1. If you wrap the range 129-245's Cα atoms in a convex hull and average its projection over all directions, what's the area in nm²?
2. Mind giving me the nanometre distance, one decimal, between the label points for Ala285 and Phe199, set 7 Å out from Cα along Cα→Cβ?
3. If R0 is 30 Å, what FRET efficiency do you get for Arg166 and Arg92 from their C-beta distance, rounded to 0.05?
4. For the range 90-172, I need the span (max minus min coordinate) of the C-alpha atoms along each principal axis, in Å, sorted largest to smallest.
5. Determine the per residue accessible area of the range 40-183 with all protein chains present and a 1.4 angstrom probe, expressed in square angstrom.
6. Calculate the dipole size of the chain relative to its Cα centre from +1 charges on Lys and Arg beta carbons and -1 charges on Asp and Glu beta carbons; express the result in debye to the nearest 20.
7. Given labels modelled 7 Å from the Cα in the Cβ direction, how far is it in nm from Gln262 to Gln153?
8. Extending each Cα 7 Å along its Cβ direction at Glu254 and Gln34, get the distance between those two points in nm, one decimal.
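The values are calculated or read from the model by the stated rules, or taken from the named source; none is laboratory data. This structure is a prediction, so every number in the text was calculated from the model and none was measured. Using ideal geometry, Cβ is built from the backbone for each residue, glycine included, and neighbour counts are taken over all protein chains shown. With ligands, DNA and RNA removed, areas are computed over all heavy atoms of the protein, side chains included. Shrake-Rupley method; radii C 1.70, N 1.55, O 1.52, S 1.80 Å.
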Amino acid sequence: MQNPALSILSNDGTVRGFIINSRELVQNAFELHQTAPVVTAALGRLLSAAVMMGKTLKNPGDLITLQIEGEGPVKTLLATAGANGNVKGYARNPLVDIPLKSNGKLDVSGAVGPGFLTVLRDNGTGEPYVSRTALVSGEIAEDITGYYAQSEQTPSICALGVLVDRDYTVKSSGGFLIQLMPGAEEATICRLEENLQKFQNVSALFEYTSNEEIAQMLMDQIPFHITEQWNAAYYCNCSKKRTEKVLLSLGRQELMQLIQEQKPVELCCHFCNRKYQFSRKELEALLIEGAEK
Ligand SMILES: [Zn+2]
């Protein structure tokens, strides 16, 4: 499996968790977006979080979108995931070059800066559920933990790490999300906190440790079982048909202006860089289609 992942549950049902080794999909994102190392790490963390949070969605067609808007040079990071393990994302500014932190690590919080995390949950019927929280640190994992505490009142611990190699490729990447369900006993919580102390360097963790081993470490002395073994992927479902909708959403005025400019229009997908061209004829057909609606 390319991006192996696990969903786990304590036997008493009060602790659930998700663990993902996301190296392949973060490498895919790096190849698509040609991100600088600090952005590879920032976007990789967000993609890893989104794909795990996608697993908390109730219906197969539901989508979750995480958007980080910060004052730092990367400006906006966005990741969208489904309940099926598919995820896609982009960074507004992929080429951020800032010094490493004093401990030699990539300065993700410096690239992101202070700002906000917006979480949109869309079940395809009407308005999505939107929640906006201030970033805790800009390191992303803490911001996800903060979101769950503030918006969902679900005590959670999120840990994320991306290790970028010297040639800028992704050496390792992964994360976990542990959540307390109602009724968790004090002893379980204490045990969990103790177990979490073992995780100092999450970036390097996924290089040599399997998801199963990480699950054992996290749930040491807490009886648990694996509820699902699944596979995540970087996947974009864009198409010319969907791109037509974007053009239609511009409105009649804008569309007419594009036609008057007499040039073919090219739209590029933010998520996968696929390009869609529309001839003048196609634009005119869209204008008629738009008028009929
Ligand atoms: Zn696309």
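1. Mean orientational projected area (the range 129-245, Cα hull): 11.0 nm².
2. Label-label distance for Ala285 and Phe199, simple model: 5.1 nm.
3. Efficiency at R0 = 30 Å is approximately 0.70.
4. In descending order, the Cα extents are 45, 26, 24 Å.
5. 42
6. 920
7. 6.4
8. About 2.7 nm, to one decimal.
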